[in-house]
1. Based on other C-beta atoms within 10 Å, arrange 3, 74 from fewest to most.
2. Subtracting the Cα-Cα distance from 0.36 nm times the residue separation, let me have the gained length for residue 77 to residue 3 in nm, one decimal.
3. Would you mind getting me the FRET efficiency between residue 49 and residue 140? Use the beta-carbon distance for r and R0 = 41 Å, nearest 0.05.
4. Taking neighbour counts of Cβ atoms within 10 Å as a proxy for exposure, in what order, fewest first, do 127, 101, 9 appear?
């Protein structure tokens with residue numbers, strides 16, 4: 001690939017479909033920093049040069065591209081009842097007037113928090129639909145708040161799409177109508 005080092009790496013939460021392969025990448029090349037919501041003592045943190053927790057309010061700029069963590073809030077790390085999915089790092093990327101929202105596997109509770117805390121930052125051009133569009137996430141309220149031009153449903157198999165919550169799938173065209181923007185759905189396989 002010709003890549004000798006990474007400036008940073010974000011691991012959203014402790015699920016294998018979000019951390020798988022990270023150990024190999026970390027062994028293959030130096031990484032300046034690691035941002036994650038991984039629990040203390042996680043094996044990947046032991047190999048990181050500068051591990052940090054994702055926390056609402058973190059932001060940086062690289063070559064005119066803005067990055068901002070919208071979730072989780074720092075207090076969530078003290079609450080052992082919060083599931084890994086609901087502590088997933090949510091990243092907003094801004095490039096001019098374009099916005100990308102990467103939502104990890106957050107669920108309804110975290111979507112509601114984002115609407116309450118960051119309604120002004122949710123409008124997006126491209127939305128990676130929370131938790132693959134599962135029945136535990138992708139509420140009508142969240143999809144409407146984000147008003148994505150392009151919602152993406154990342155999945156590894158057709159099985160994931162087959163079990164998508166009908167309400168979530170139906171919410172996307174509704175959100176587009178409310179936002180008066182044509183909607184396209186991109187599926188990554």
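1. 3, 74
2. 23.3 nm
3. Calculated transfer efficiency: 0.45.
4. 9, 101, 127
Computed from the coordinates by the stated procedures, all read-outs in this text should not be read as laboratory data. All values derive from a computational prediction rather than experimental measurement. As a convention, Cβ positions derive from the backbone with ideal geometry for all residues, glycine included, and neighbour counts pool all protein chains shown.
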